[in-house]
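Student: Below are the structure tokens for one structure; questions will follow.
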């Protein structure tokens with residue numbers, strides 16, 4: 001898959017939408033590197049370089065799904081048999097799952113954690129826009145045990161030093177992506193004037 005030369009950057013962003021149902025083929029090593037290069041172009045106050053990514057490839061996704069479901073249950077959250085089956089069916093088709101975290105700069109009085117969180121969000125959005133421009137779809141999930149300690153730690157992100165923000169499922173859309181109904185941004189906008 002290549003970047004569509006007829007679609008400029010703004011048109012690409014305007015047509016992007018989340019799509020949970022993806023399948024192989026996923027991005028190859030070169031495309032993954034390019035997506036991650038866009039991530040590290042996110043705004044980054046004091047150049048903290050805090051973004052971290054854990055790649056879970058298709059061959060390892062079933063084992064990861066087992067771990068995430070068991071950890072979620074140990075955490076005390078009920079998962080019905082139907083929810084478990086739906087999760088397993090979804091994950092069985094995902095060619096690439098990216099764990100998303102940022103390294104917390106605990107002692108940095110210049111950059112409050114909210115700015116670190118915003119930088120991570122911008123990095124993830126850059127990955128999603130890059131994936132879309134390459135012809136892939138992505139879905140940002142905070143399920144799969146994101147809010148347990150066990151799942152992030154299994155991916156190398158201990159809760160003392162990292163803030164885990166979920167996963168991106170990336171692959172080829174199973175169904176054609178239809179345009180989303182978006183609100184008029186001007187209904188959320190006002191012009192400030194001094195009193």
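Student: What's the number of the only condition in (1) assigned to a helix (DSSP H, G or I); (2) out of contact with any strand residue (DSSP E or B) (no Cβ under 7 Å at 6 or more places or on another chain) that residue 36 fails to meet?
Tutor: Failing condition for residue 36: (2).
Student: Now a separate question. Here is a list of conditions, (1) crowded, with 17+ Cβ neighbours inside 10 Å; (2) under 25 Å from residue 79 (Cα atoms); (3) at pLDDT 95 or above; (4) out of contact with any strand residue (DSSP E or B) (no Cβ under 6 Å at 6 or more places or on another chain), and residue 148 meets all of them except one; can you say which number that is?
Tutor: (3)
Student: Shifting gears a bit: Collect the residues in segment 151-165 that are within 24 Å of residue 77 (Cβ to Cβ) and surrounded by fewer than 18 Cβ atoms within 10 Å (Cβ to Cβ), keeping them in residue-number order. Give the steps one after another, and end with the answer.
Tutor: Going residue by residue through segment 151-165, those that are within 24 Å of residue 77 (Cβ to Cβ) are 151-160, 162-165.
Result: 153, 154, 156, 158, 159, 160.
Student: Just give me the residues in segment 133-145 being surrounded by fewer than 22 Cβ atoms within 10 Å (Cβ to Cβ), touching a helix residue (DSSP H, G or I) at 6+ places or on another chain (Cβ under 8 Å) and either closer than 20 Å to residue 38 by Cα or without any contact (Cβ under 8 Å) to a residue 24 or more places away in the chain (or both), in sequence order.
Tutor: Selection gives 134, 140.
Student: Could you list all residues from segment 158-172 that are touching a residue at least 40 places away in the same chain (Cβ under 8 Å), in contact with a helix residue (DSSP H, G or I) (Cβ under 9 Å, 6 or more places away or on another chain) and more than 23 Å from residue 22 (Cβ to Cβ)?
Tutor: 162, 163
This table checks each residue for (1) loosely packed, with under 15 Cβ neighbours inside 10 Å; (2) out of contact with any strand residue (DSSP E or B) (no Cβ under 9 Å at 6 or more places or on another chain).
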residue	(1), (2)
8	yes, yes
12	no, yes
27	no, no
54	no, no
61	no, no
69	no, yes
80	yes, yes
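Student: Counting only residues that are part of a loop (DSSP other than H, G, I, E, B) and closer than 26 Å to residue 118 by Cβ, which one in segment 9-33 is modelled with the highest pLDDT? If you could, list the steps in order and put the result at the bottom.
Tutor: At the first step, the residues of segment 9-33 found to be part of a loop (DSSP other than H, G, I, E, B) are 16-21, 24-28.
Filter once more, so that each one left must be closer than 26 Å to residue 118 by Cβ: 16-20, 27.
Numbers: 16: 86, 17: 83, 18: 87, 19: 91, 20: 93, 27: 97.
So the residue we want is 27.
Student: Further question on the same structure: Any chance segment 94-105 includes a residue that's at pLDDT below 95 and farther than 18 Å from residue 155 by Cα?
Tutor: yes
Student: Can you name every residue in segment 42-66 that is touching a helix residue (DSSP H, G or I) at 6+ places or on another chain (Cβ under 6 Å) and at pLDDT 95 or above?
Tutor: 42, 51, 56, 61, 65
The values are calculated or read from the model by the stated rules, or taken from the named source; none is laboratory data. Because the structure is a prediction, the values reported are computed rather than measured. Note that we place each Cβ from the backbone using ideal geometry, even for glycine, and neighbour counts take in every protein chain shown.
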